[in-house]
Amino acid sequence: MASKDERDVEIHVSSPAPDDCEATRPLLTAACEAYSVSAAILPFFFPALGGLLYGYDIGATSGATISLKSSAFSGTSWYNLSSVQTGLVVSGSLYGALIGSATAFTIADFLGRRRELVVASVSYLVGALLTAAAPNFLIMVVGRFLYGIGIGLAMHAAPMYIAETAPSQIRGMLISLKEFFIVLGMLLGYIVGNLFVEVLSGWRYMYAASTPICVIMGIGMCWLPASPRWLLLCATQGNGNLRETKENATRCLCRLRGQASPDLVSEQVNLILDELSYVGEEKKAGFSEIFQGKCLKAMIIGCGLVFFQQVTGQPSVLYYAATIFQSAGFSGASDATRVSILLGVLKLIMTGVAVLVVDKLGRRPLLIGGVGGIAVALFLLSSYYTFFSGASYVAVIALLLYVGSYQLSFGPIGWLMISEVFPLKLRGRGLSVAVLVNFASNALVTFAFSPLEDLIGTGVLFASFGVIAVASLAFIFCIVPETKGLTLEEIEAKL
């Protein structure tokens with residue numbers, strides 16, 4: 001524990017001018033950070049593999065269930081699965097992700113971002129191996145749950161690590177690029193599924209194919225430095241010697257910035273320490289603090305975005321894409337794998353567009369424009385099922401508009417915003433709640449779609465999703481701030 005005199009030497013706090021009536025505290029002035037592009041690649045790449053493995057599971061499972069239930073290609077004696085058993089195979093990783101994101105609430109700040117991603121890679125690896133080698137249904141479900149725990153931990157820690165280590169000028173692009181990796185993983189899963197769907201025990205190869213990526217992710221995360229912001233937070237809360245931690249954080253930040261001047265890196269470390277001291281991060285956060293002050297505002301923004309991300313129908317529109325094509329009269333769409341690949345390519349292209357423009361246009365314009373497109377697409381789908389059932393092109397246009405708009409807005413920007421808005425002291429716990437809300441909302445919409453479709457009809461259901469999309473537009477317009485170009489400390493001050 002650092003003494004008071006030592007703290008006074010190490011931390012230089014800038015007090016706000018007494019006559020400054022515009023703000024209660026000054027913003028940091030280090031908005032432009034010197035960095036090397038080559039040095040920023042690997043601190044993004046290895047955490048982003050956690051997103052790629054998440055997407056791969058979504059894509060591969062669509063083909064694996066076909067292979068597993070096939071009497072000709074399953075290669076098992078227990079291929080005749082009931083609907084409940086099939087649901088456990090498909091959704092087992094989702095249940096595991098709920099457990100993983102809930103677990104992250106208690107272990108995230110203790111482990112740190114880097115070690116949490118190492119644990120996630122191990123969970124991914126063990127889950128994939130168990131699933132691929134499962135001698136019976138029970139072992140397979142256990143493997144699916146363990147893989148899902150890896151998803152929950154990775155989707156919690158990856159955006160935090162990238163946000164806390166990336167230069168502010170390209171932070172939005174890098175975190176949005178993680179969504180690109182998720183979509184790329186889905187596309188790879190669809191392609192691998194298509195390759196092995198008619199191979200004996202093909203589902204085993206589909207799940208086993210992810211294991212090399214798990215190993216690369218784990219080794220890469222062991223090699224990367226810890227998040228300097230997390231190190232400094234731990235030190236200011238009394239976990240370690242502040243002077244030694246500051247030197248360690250400076251070394252880590254030098255690795256992350258590459259050719260940046262050591263003096264500039266040291267200055268940035270001092271600015272982070274100033275911010276931590278100013279906003280009172282010396283005390284450990286209690287559970288109740290998540291729902292107070294600026295933390296409550298961040299919680300409303302983060303959880304609101306990921307909630308609307310799911311309840312605007314995203315799981316249902318994607319999961320039922322093949323059905324939409326079939327009902328629209330496109331006989332070629334009966335091959336669900338090819339339809340999935342087509343949509344995967346579109347998602348990849350539109351996510352790439354979002355990655356390129358997010359740090360130029362900003363978060364709010366992409367959210368408002370994209371969610372507006374989602375609302376239009378949902379009302380078009382509703383009108384097709386209600387009034388224009390003979391005009392199959394309406395459904396196809398609406399579906400493509402929905403997918404494209406989602407990948408410009410909620411897809412990448414939702415994950416970006418939740419990694420930016422939470423204060424450092426509560427970032428681990430706050431983001432774990434947001435990730436939990438994301439997966440829980442996904443499960444709710446997925447499981448409620450079919451019963452609601454039977455109860456009120458497909459047209460009314462999509463219209464309801466459209467109304468929710470309009471409500472989410474109002475939420476974004478009134479509540480969500482612009483964070484383009486700001487350091488994480490400036491965003492915290494802005495809130």
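The values are calculated or read from the model by the stated rules, or taken from the named source; none is laboratory data. Note that the coordinates shown come from a computational prediction; the quantities given were computed from them, not determined experimentally. Note: ideal-geometry Cβ built from the backbone for every residue, glycine included; neighbour counts use all protein chains shown. Heavy atoms of the whole protein, side chains included, go into the accessibility calculation; ligands, DNA and RNA do not. Shrake-Rupley method; radii C 1.70, N 1.55, O 1.52, S 1.80 Å.
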For the condition open to solvent by 30 Å² or more (accessible area, probe 1.4 Å), touching a helix residue (DSSP H, G or I) at 6+ places or on another chain (Cβ under 6 Å), more than 30 Å from ILE99 (Cα to Cα) and among the hydrophobic types (A, V, I, L, M, F, W, C), what is the one hit in VAL470, VAL460?
VAL470
Looking at the range 76-131, which of its residues are of a type in the set (A, V, I, L, M, F, W, C), under 18 Å from ILE66 (Cα atoms), in contact (Cβ under 8 Å) with a residue 24 or more places away in the chain and open to solvent by 30 Å² or more (accessible area, probe 1.4 Å)?
TRP78, LEU88, VAL90
Neighbours by Cβ (under 7 Å, 6+ apart or cross-chain): first from the range 446-466, within 26 Å of LEU88 (Cα to Cα); second assigned to a helix (DSSP H, G or I) and open to solvent by 20 Å² or more (accessible area, probe 1.4 Å)
THR446/TYR319; THR458/TYR385; LEU461/LEU452; LEU461/GLU453
Identity of the residue in the range 67-92, touching a Gly at 6+ places or on another chain (Cβ under 8 Å) and either of a type in the set (Ser, Thr, Tyr) or in a helix (DSSP H, G or I) (or both), that ends up nearest to GLY202 (Cα to Cα):
SER67
Residues in the range 394-422 that are free of Cβ contacts under 8 Å to residues at least 60 places away in the same chain, hydroxyl-bearing (Ser, Thr, Tyr) and not in a loop (DSSP other than H, G, I, E, B): how many?
1
Can you name every residue in the range 132-152 that is open to solvent by 10 Å² or more (accessible area, probe 1.4 Å) and hydrophobic (A, V, I, L, M, F, W, C)?
ALA132, ALA133, PHE137, LEU138, ILE139, VAL141, VAL142, PHE145, LEU146, ILE149
Does the range 151-173 contain at least one residue that is without any contact (Cβ under 8 Å) to a residue 12 or more places away in the chain, out of contact with any Gly (no Cβ under 9 Å at 6 or more places or on another chain) and part of a helix (DSSP H, G or I)?
no
Condition check for LEU305: among the aliphatic types (A, V, I, L, M), open to solvent by 10 Å² or more (accessible area, probe 1.4 Å) and modelled with pLDDT of 85 or more
no
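So if I check each of PRO26, PRO43, PRO47, which one is outside any helix (DSSP H, G or I) and either modelled with pLDDT under 80 or open to solvent by less than 60 Å² (accessible area, probe 1.4 Å) (or both)?
Being outside any helix (DSSP H, G or I) and either modelled with pLDDT under 80 or open to solvent by less than 60 Å² (accessible area, probe 1.4 Å) (or both) holds for just one of PRO26, PRO43, PRO47, which is PRO26.
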Does the range 152-166 include one or more residues that are under 20 Å from the mean Cα position of the chain (by Cα), at pLDDT 90 or above and more than 18 Å from ARG113 (Cα to Cα)?
no
Given the residues ALA226, ALA208, which is the only one that is modelled with pLDDT of 75 or more and closer than 24 Å to GLU492 by Cα?
ALA226
Take LEU174 and decide whether it is over 22 Å from GLY92 (Cβ atoms) and open to solvent by 10 Å² or more (accessible area, probe 1.4 Å).
yes
Does at least one position in the range 362-369 carry a residue that is modelled with pLDDT under 90 and open to solvent by 30 Å² or more (accessible area, probe 1.4 Å)?
no
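The rows are residues; the columns are (1) out of contact with any Cys (no Cβ under 6 Å at 6 or more places or on another chain); (2) under 30 Å from GLN407 (Cβ atoms); (3) modelled with pLDDT of 90 or more.
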residue	(1), (2), (3)
ALA30	yes, no, no
TYR56	yes, yes, yes
LEU81	yes, no, no
LEU88	yes, yes, no
SER91	yes, yes, no
ALA102	yes, yes, no
PHE105	yes, yes, no
LEU111	yes, no, no
ARG114	yes, yes, yes
Can ALA443 be described as more than 30 Å from LYS484 (Cα to Cα), within 18 Å of the chain's Cα centre (by Cα) and either in a helix (DSSP H, G or I) or not hydroxyl-bearing (Ser, Thr, Tyr) (or both)?
yes
Only one of LEU117, LEU111 is within 25 Å of the chain's Cα centre (by Cα), aliphatic (A, V, I, L, M) and under 23 Å from LEU184 (Cα atoms), namely LEU117
